[in-house]
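The values are calculated or read from the model by the stated rules, or taken from the named source; none is laboratory data. All of these numbers come straight from a predicted model, not from anything done at the bench. Glycine gets a Cβ as well: all are built from the backbone with ideal geometry, and neighbour counts include every protein chain shown. The area values use the complete protein model at the heavy-atom level, side chains included, leaving out ligands, DNA and RNA. Shrake-Rupley method; radii C 1.70, N 1.55, O 1.52, S 1.80 Å.
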Amino acid sequence: MGFDSQLKPAFSGHSRICNCCTSMSASLFSPVGCSLFWVSICRHMIICSLYEDVQVKLFVIQSQSNSFHVRQAERRREDLLYQAHSLTEVTVEVSFTNSVLLCLRVLSLSQSFGKNSSWIVFLEEETNVKMTTLAQVLAKFDKNKEWFLGKPLRDEESTIIHHYAFAENPSVFKYPDFAAAWALNLFTSVALYIWDNGKGPHLTAVPELCTEPESSPQARHCATTLRKEPPLCGEPVHKEDIFVAVKTCRKFHSERVPVIKKTWENDALYLEYYSDHADPAIPTINLGVPNTERGHCGKTFAILQRFLSNAVPNTKWLLVVDDDTLISLPRLQVLLSCYDPSEPVCLGERYGYGLSQGGYSYITGGGGMVFSREAVVRLLSSGCKCYSNDAPDDMVLGMCLNALGLPVTHSPLFHQARPEDYARDFLAHQVPISFHKHWNIDPVAVFNKWLKDDLRAKTSDELSKSAKTEL
């Protein structure tokens, strides 16, 4: 089945969107003189293409449908447009849609781009682009060859983050740091598909694709940079606006709960521990759901119901964590200042299940799941429920959100694994909010190194340097 035929069922009853797609495709590839800058805003991406003679540059800004991320992507789009206007005389055509399938449809026309020796540049909302420098960098590469360009990351050991791929030699597989931007002069999928068992184009390191702060002296040669600080959209949300629910069980009362009490518990105003055993010494609350060895769907849905009851304070936000989650609540308060609690916000580290076959996205529970009150209200009023107490709670929630058409919002600052499970350079430009698991680590030491402060300006790289200095 071809790509077009796959799209037809999805667009049935949406002739306006189909017509929009047709008209945009026509304008995209029509002869328009020297240059055309074409912009489309989609549910998860903004696509901008710049024609310079026969050279086509397509910018894909990876975004999300939450209102905060739409604003961030708009700012990035406006910056690209401003730079393009200053570089050359351009025409701008803008179209607004809500279908990620439309984005995929446009990208599927890459064979037409390829005939024009195109470059497709993928960047994130926070990626600053110096367009003149980027054009000079891309001009260095032979347009008659296939290229996959970026800032390479590699795993030092086999890790759950990549499902233990390349277990025998994890360093052989290089993948791009998305925050630095990455580029193709052909359209294909991301690293594993480009890899194609070693037969595809290898990732070529481009030192000008950077994650340095734009104010850094080291960024003078860079075509891409990052802002130093996470966005501050207003005053950090107040402690009394967040209710924290910790999932635990009797066998971990003496092992994991003390770690929370030594590290981040005091940063929470409202916090409850939910267990299969009521222990007044902690204290824990027995929700009447037996502990399960895998999946905690029954317990999580009981927490959601309790959150909307009169048993707990009425707060704008609910944070659900595991008993081996390490988290910085002050940093979470800063991040939540960017989100509107009156919207159905579901925030954390997003994973996908079966997305190429019509699957769904979900928030990995270990890194922490954040819900606005509105999101919890919509989830429970929909009648969505667990098919068993031991079903995977995060994935069941993902299925429910998908059925309701509610977006799952990703933040790379939440982590479902330990710091050592991530590439060092990936963490170097972050101010992380959470990590997960106590395997073979001292969790208190990890918290103190990576999460213990409320200084927004400190990146992980700076935290690591300060830790080494103290040693």
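Some notes on this structure:
- Members of the stretch 302-337 found to be part of a helix (DSSP H, G or I) and within 21 Å of Phe252 (Cα to Cα), listed by number: Ala302, Ile303
- Selection status of Ser372, surrounded by fewer than 18 Cβ atoms within 10 Å (Cβ to Cβ) and closer than 15 Å to Lys239 by Cα: no
- Among residues that are in a helix (DSSP H, G or I), modelled with pLDDT of 55 or more and in the same structural domain as Thr127 (by the TED database), Leu81 is included.
- Any hit, the stretch 184-203, residues being modelled with pLDDT under 75 and under 20 Å from Leu413 (Cβ atoms): no
- The stretch 123-147: number of residues that are hydroxyl-bearing (Ser, Thr, Tyr) and in a helix (DSSP H, G or I): 2
- Being surrounded by fewer than 18 Cβ atoms within 10 Å (Cβ to Cβ) and either within 30 Å of Glu126 (Cβ to Cβ) or not assigned by the TED database to the domain that holds Asn448 (or both) is a property that Gly288 lacks.
- Test: residue in the stretch 163-181 that is touching a Phe, Trp or Tyr at 6+ places or on another chain (Cβ under 8 Å), modelled with pLDDT under 75, small (Gly, Ala, Ser) and not in a loop (DSSP other than H, G, I, E, B): no
- Those helices (runs of 4 or more DSSP H) of the stretch 338-444 in which at least 1 residues are touching a residue at least 40 places away in the same chain (Cβ under 8 Å) and among the small types (Gly, Ala, Ser), considering only elements entirely within it, cover 393-404, 424-428.
- Remark: Gly298 matches the filter, which requires a residue to be touching a Cys at 6+ places or on another chain (Cβ under 8 Å) and not aromatic (Phe, Trp, Tyr).
- Set Thr263, Thr300: member being open to solvent by less than 50 Å² (accessible area, probe 1.4 Å) and either touching an Asp or Glu at 6+ places or on another chain (Cβ under 9 Å) or aromatic (Phe, Trp, Tyr) (or both): Thr300
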